[in-house]
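The values are calculated or read from the model by the stated rules, or taken from the named source; none is laboratory data. Given the structure is predicted, the values throughout are model-derived calculations rather than measurements. So basically every Cβ, Gly included, is an ideal-geometry build from the backbone, and we count neighbours across all protein chains shown.
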Amino acid sequence: MENTNITGKKIFFLYPPTIVRNEVVAALVMQEFETYMVKDPVALGRMLKRSPDSIVFVNLDEKTIPEKGWDAWICDVMEDPATARTEIGVLSSNASDDMKQRYLAQIKVTCGLTHVSTDLKKLISQISQILLKHNAMGRRKYIRVTSDNETLTTANMPLNGHFISASIRDISSAGFSCTFPEDPNLVKGTVISEIQLKLQSTLIRTEAIVLGSRADELMQVYVFVFLPQLDTEVRYKIHKYIRVAIQNKMDMELKK
């Protein structure tokens, strides 16, 4: 089982409101919170048994499930020994006094009730503060996504007068690791400019420094760290790739 004090917690928005789906999730990933969207409470229930130290925000305004149905789902998660460690918060754009009384005083959701307004900055700040309070990030600083066997996720860089292609093993907004068809014997501390990262359909140009390498079976895996002045637009594109990639992986996990 994962030690979430180190790896951080998975954050799920169950039936996220439009503003959360379109804006908040991207902002949280930019802040390095491992965030997902889900529209299947049954599948999410199964996932929580595999990752019980997660945080779930339930959108009470979702009308495909009656309010009493949400009460039952939340209580089932909180009372099941397999998922009892899951932290739950609720979201609503129309939080009545009765709703606050029921979820905060009676059911006692641990991540509170967040009012969903059109004030995006305030909404992101409120949710971020909840996540920080519940140690959602752990000691992990960056979301890292593996990309083994993805033929459209590659790095090309100028070495010895030629552009050489490498397969990206994993990537975060801090850097990436990759393998080459032949070991280029790169020296730790070498700065390489004009690196071209192809992340599916997105092409990024950047520069990075060789942090080191490690042996992995018959291949040498090189680790690169982006230089501190990484362009804001480049960082955004990397986070967008990470957000889509981890969501795709989670969608597959939810089907199990």
Here the qualifying pairs (Cβ atoms under 7 Å; residues six or more apart or on different chains; first in segment 223-252 and within 24 Å of Ser213 (Cβ to Cβ); second at pLDDT 95 or above and in a helix (DSSP H, G or I)) come out as Ile242/Val29
Taking first residues from segment 101-124 that are assigned by TED's automatic domain parsing to the domain that holds Pro17 and second residues anywhere that are of a type in the set (Lys, Arg), the pairs with Cβ under 7 Å that are 6 or more apart or on different chains are Leu113/Lys100
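Output the number of residues of segment 208-219 satisfying the condition of being in contact with a strand residue (DSSP E or B) (Cβ under 9 Å, 6 or more places away or on another chain) and modelled with pLDDT under 95.
Residues of segment 208-219 that are in contact with a strand residue (DSSP E or B) (Cβ under 9 Å, 6 or more places away or on another chain), as a first pass: 208-216, 219.
Within this subset, residues satisfying the condition of being modelled with pLDDT under 95 are 214-216, 219.
Residues flagged as in contact with a strand residue (DSSP E or B) (Cβ under 9 Å, 6 or more places away or on another chain) and modelled with pLDDT under 95 within segment 208-219 amount to 4.
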Pairing a residue in segment 3-31 that is in contact (Cβ under 8 Å) with a residue 12 or more places away in the chain and assigned by TED's automatic domain parsing to the domain that holds Asn135 with any residue that is assigned to a helix (DSSP H, G or I) and hydroxyl-bearing (Ser, Thr, Tyr), where Cβ atoms lie under 8 Å and the two sit 6 or more apart in sequence or on different chains, gives Leu28/Ser128; Met30/Tyr236; Gln31/Ser128
Scanning segment 179-194 for residues that are closer than 19 Å to Val234 by Cα and modelled with pLDDT of 95 or more, the one surrounded by the fewest Cβ atoms within 10 Å (Cβ to Cβ) turns out to be Val191
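Assess whether Val109 counts as being β-branched (Val, Ile, Thr) and under 28 Å from Asn248 (Cα atoms).
Details: β-branched (Val, Ile, Thr): yes; under 28 Å from Asn248 (Cα atoms): no.
For Val109, the condition - β-branched (Val, Ile, Thr) and under 28 Å from Asn248 (Cα atoms) - is not met.
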The correct count of residues that are modelled with pLDDT under 95 and of a type in the set (Phe, Trp, Tyr) in segment 80-138 is 0
